[in-house]
1. Does the stretch 125-144 hold any residues that are in a helix (DSSP H, G or I) and closer than 16 Å to Val177 by Cβ, and which are they?
2. Is at least one residue of the stretch 181-190 open to solvent by less than 70 Å² (accessible area, probe 1.4 Å) and more than 25 Å from Gly19 (Cα to Cα)?
3. Of everything in the stretch 224-251 that's farther than 30 Å from Arg305 by Cα and open to solvent by 60 Å² or more (accessible area, probe 1.4 Å), which residue is farthest from the chain's Cα centre (by Cα)?
4. What residue, of Thr91, Thr18, Thr24, is of a type in the set (Ser, Thr, Tyr), open to solvent by 40 Å² or more (accessible area, probe 1.4 Å) and over 30 Å from Val291 (Cα atoms)?
5. Name the residue that is modelled with the highest pLDDT, counting only residues in the stretch 68-100 that are assigned to a loop (DSSP other than H, G, I, E, B) and touching a helix residue (DSSP H, G or I) at 6+ places or on another chain (Cβ under 8 Å).
6. Somewhere in the stretch 258-279, is a residue over 21 Å from Ala112 (Cα atoms) and either open to solvent by 30 Å² or more (accessible area, probe 1.4 Å) or of a type in the set (S, T, N, Q) (or both)?
7. Has the stretch 3-11 got at least one residue that is at pLDDT 90 or above, open to solvent by 50 Å² or more (accessible area, probe 1.4 Å) and touching a helix residue (DSSP H, G or I) at 6+ places or on another chain (Cβ under 6 Å)?
Amino acid sequence: MEQHFPEGPLPPQSDQRTGLVYGTAAYVMWGLLPLYWHLLGDLAPAEILAHRMVWSLPVAVVILALMRRWSWVPKLVRQPRRLGLVLVCATVISVNWFLYIWAVNSGHVLEASLGYFINPLVSIAFGVLVLRERLRPLQWTAVGVGTAAVVVMAVAYGQVPWISLALAFTFATYGLVKKGVKLDGIEGFSAETAMQFLPALGILVFLGARGEAGFTSGGVGQMLLLMGCGVATALPLIAFGASAVRLPLTVLGMLQYLAPTFQFVLGLLVFHEEMPPERWAGFGLVWLALVVLTYDAIRTARSARTALATARKAAQEAVEETAAALAPATTTAQSAAQADTVKP
C-alpha cells in the first residue's frame, strides 16, 4: 500500500517528542510480546488466543467508559456493510494472532520477525493489485528485492517460508480491510474484540468441560498471565494511537521496524534459534529493501513539504499583491465618499 504523508504543518516540537515516546513504547511492547507468549508455552496456542480475545473485551469497555466514547456504536450497528468488514478484520487478525503465538511457542521467532519485516512490502503489493495504486521506481525496487529474499530462502530451505508469508499477508489484509471500516484505534479494537468474544468464550467453555482448561489447572501465576492477555494486547495499541496523532507518518514508518527488530534479537539471543548463512542472506535482502523503501518515503515527504511551503508562499504573495493593487482604488473610493458627505 503506497504510503501517504501528511501535507499540513508538522505538529509542535513538544507534541512530536511525546509522540516519539508513545510510538517507541508501542513498538517495543509489540517487539517483546514473544517473551509474554513464551511464559504460556505449556498451553495450546488456541487456548492462549481464546484468552487474549476474551480478556481484551473488558479492557476495551473500560477504556471506552473512561473516554466516554460510545457514540460510534449505534452508527456502526446500523451499517451492515461496515459490520461485515469488521467481521472480516476480526477473522483475519485472529488468524494472524494464532499463527504468531504458535510460531513463538514452536521455536519460529525468527521466521515470525521476518514476516513483520516483509509486511510493508506486501502492503505495497496489495496497493498495486487491489487499490490500483501507482508505485514510484524505488518502491518497485524494494518490492523486487523483497521478492528475491523470499526466493533465496525458499531455494535454500527447500520450501517457501510460509510462516513469514502467512503473517505478512494476514496483517497486510487486516490493514487493507480496515481502510474501509474507518474506525480509529480503540473503536476498531473494541468492535473487533466484541465479535471475537463469543467464539473465544465458547472455546474456553469447551476446554473447561473437557477438563483441559489451563486457566484453572496452572496455578495463580498462569491464571494472572492469561487474564493479562487483554492488557498486553490493548496497551501497545493505545500507545500507538497516541503517537499516530502526534507524529508524521514518515517517523511512524521508521518506528514500525522496531517490533520485528526486537523479535529478531529475541529469537537469536534469547531463544537461540539457528541462523545459517542462507537465512542471513534472506534477512539481508529484506533489510536492504526496507532501507530503499524508507529512503524513498523520507525523500517523498520532504518533497511534499517543500512543494506545500512553496505553494503557500506563492499564495501569500498573490494575496499581498492583490491587496496592494486594490489599495489605491479603496483610498479613492473613501475620499469620494468623504467629499459627498461634506457637500452643503
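The values are calculated or read from the model by the stated rules, or taken from the named source; none is laboratory data. No experiment lies behind these values; they were computed from the predicted model shown. In this analysis, Cβ positions are derived from the backbone assuming ideal geometry, glycine residues included, and neighbour counts consider all displayed protein chains. Side chains are part of the model used for accessible areas, which takes the heavy atoms of the whole protein and leaves out ligands, DNA and RNA. Shrake-Rupley method; radii C 1.70, N 1.55, O 1.52, S 1.80 Å.
1. Within the stretch 125-144, Ala125, Phe126, Gly127, Leu129 qualify.
2. Step one: of the stretch 181-190, the residues open to solvent by less than 70 Å² (accessible area, probe 1.4 Å) are 181, 183-190.
When the remaining residues are screened for being more than 25 Å from Gly19 (Cα to Cα), the result is none.
Within the stretch 181-190, none of the residues are open to solvent by less than 70 Å² (accessible area, probe 1.4 Å) and more than 25 Å from Gly19 (Cα to Cα).
3. Of the residues in the stretch 224-251, the ones farther than 30 Å from Arg305 by Cα are 224-235.
Next cut, open to solvent by 60 Å² or more (accessible area, probe 1.4 Å) only: 224, 227, 231, 235.
Values: Leu224: 27, Met227: 24, Val231: 18, Leu235: 14 Å.
That would be Leu224.
4. On the way: Thr18 fails: over 30 Å from Val291 (Cα atoms); Thr24 fails: over 30 Å from Val291 (Cα atoms).
Testing whether each residue is of a type in the set (Ser, Thr, Tyr), open to solvent by 40 Å² or more (accessible area, probe 1.4 Å) and over 30 Å from Val291 (Cα atoms) leaves just Thr91.
5. In the first step, residues of the stretch 68-100 are kept if they are assigned to a loop (DSSP other than H, G, I, E, B); the result is 68-71, 78-79.
Next, only the ones that are touching a helix residue (DSSP H, G or I) at 6+ places or on another chain (Cβ under 8 Å) stay: 69-70.
Details: Arg69: 85, Trp70: 89.
So the residue we want is Trp70.
6. Keep residues of the stretch 258-279 that are over 21 Å from Ala112 (Cα atoms), which gives none.
No, the stretch 258-279 contains no residue that is over 21 Å from Ala112 (Cα atoms) and either open to solvent by 30 Å² or more (accessible area, probe 1.4 Å) or of a type in the set (S, T, N, Q) (or both).
7. Initially, the stretch 3-11 is screened for residues at pLDDT 90 or above, giving none.
Taking every residue of the stretch 3-11 in turn, none turns out to be at pLDDT 90 or above, open to solvent by 50 Å² or more (accessible area, probe 1.4 Å) and touching a helix residue (DSSP H, G or I) at 6+ places or on another chain (Cβ under 6 Å).
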